[in-house]
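All remarks here apply to the structure that follows.
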Amino acid sequence: VTTGHVFIATSLDGFIARRDHSLDWLMKQPVQKEDHGYEAFMASVDGLIMGRASFQTVARFPDRPYAKPVVVLSQTLRDGDIPDHLLGKVRLSRAAPVALMAQLQAGGWKRACVDGGRVIQSFLRDGLIADMVVTTIPILIGDGVRLFGPLSGDIDLRLLNSRSFPSGLVSNHYATGPVRSE
Ligand SMILES: NC(=O)c1ccc[n+]([C@@H]2O[C@H](COP(=O)([O-])OP(=O)(O)OC[C@H]3O[C@@H](n4cnc5c(N)ncnc54)[C@H](OP(=O)(O)O)[C@@H]3O)[C@@H](O)[C@H]2O)c1
């Protein structure tokens, strides 16, 4: 089965964007010389699944094309909403998470990057996320779009690795699932 993998940056108070979706607080970090593992992570996935809101942010940065295919989950976007520079790289889907993962598996995807707060939350609820690299930015922004949200039950996580960087970023790699007893 195709597994979901998260690589995301959050403020210390748990937000991934301001309420107006701006990322200025993230972009201003002095991280230019650091390797937080993003390139290696992207090389490890077959493609990206992202929510409509995240796609709309990405579409504003034409200078940062994705090297991998992107599936945008949306009930509201139409093909005409995809900007020219992303045609052929992005497809829209209205599928539910479990159904989408089955389709992607049939298409040969082993690992999918799952991106966007609400989409990550729904994939977590459906048990489709295998692991998450959550990088905490040393800033409080007070309000915004949350990375995590309500759950019907706890999701146990195991810390696989933790790294801190001179910029103050702290990157924690978690696997989902209970701690295995030795
Ligand atoms: N800090 C970071 O590293 C980072 C990373 C990624 C994104 N971001 C930012 O975080 C924000 C994400 O916003 P968000 O959490 O509101 O949205 P999101 O997860 O990117 O998108 C949510 C939208 O996706 C659609 N959708 C379709 N199927 C869904 C499903 N199964 N579960 C949930 N949504 C589904 C819905 O749009 P329709 O109404 O069209 O159906 C829904 O409103 C953006 O501003 C983005 O730029 C930050």
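What the table below lists for this structure:
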item	result
Principal axis dimensions, largest first and in whole angstrom, of region 1-121 by Cα	41, 29, 27
Top positive-direction residue, dipole computed over region 1-98 with Cβ charges, set Met50, Val31, Ala95	Ala95
Extended-chain gain in nm, criterion 0.36 nm per residue less alpha-carbon gap, Glu39 and Asp156	39.4 nm
Dipole in debye (nearest 20) - the chain, about Cα centre, beta carbon charges: Lys, Arg +1; Asp, Glu -1	260
Accessible-area value, Val1, 1.4 Å probe, nucleic acids and ligands omitted, Å²	130
Mean Cβ neighbour count within 10 Å, used as a protection proxy, ranking 23-31, 100-108 highest first	100-108, 23-31
FRET efficiency estimate (nearest 0.05) - Cβ-Cβ, Asp84 to Phe148, R0 25 angstrom	0.10
Cut-off under 5 Å, modelled amide H: who pairs with Val6 long-range	Val114, Asp131, Met132, Val133
Region 1-126 - percent of accessible surface contributed by carbon and sulfur, probe 1.4 Å	54
Calculated FRET efficiency for the pair Arg125/Ala95, C-beta based, R₀ 22 Å, to 0.05	0.90
Average accessible area per residue (Å²) across the chain - probe 1.4 Å, nucleic acids and ligands excluded	56
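The values are calculated or read from the model by the stated rules, or taken from the named source; none is laboratory data. Quick caveat, the model's predicted, so the values are computed rather than measured. In this analysis, Cβ positions are derived from the backbone assuming ideal geometry, glycine residues included, and neighbour counts consider all displayed protein chains. All accessible areas refer to the heavy atoms of the entire protein, side chains included, with ligands and DNA or RNA removed. Shrake-Rupley method; radii C 1.70, N 1.55, O 1.52, S 1.80 Å.
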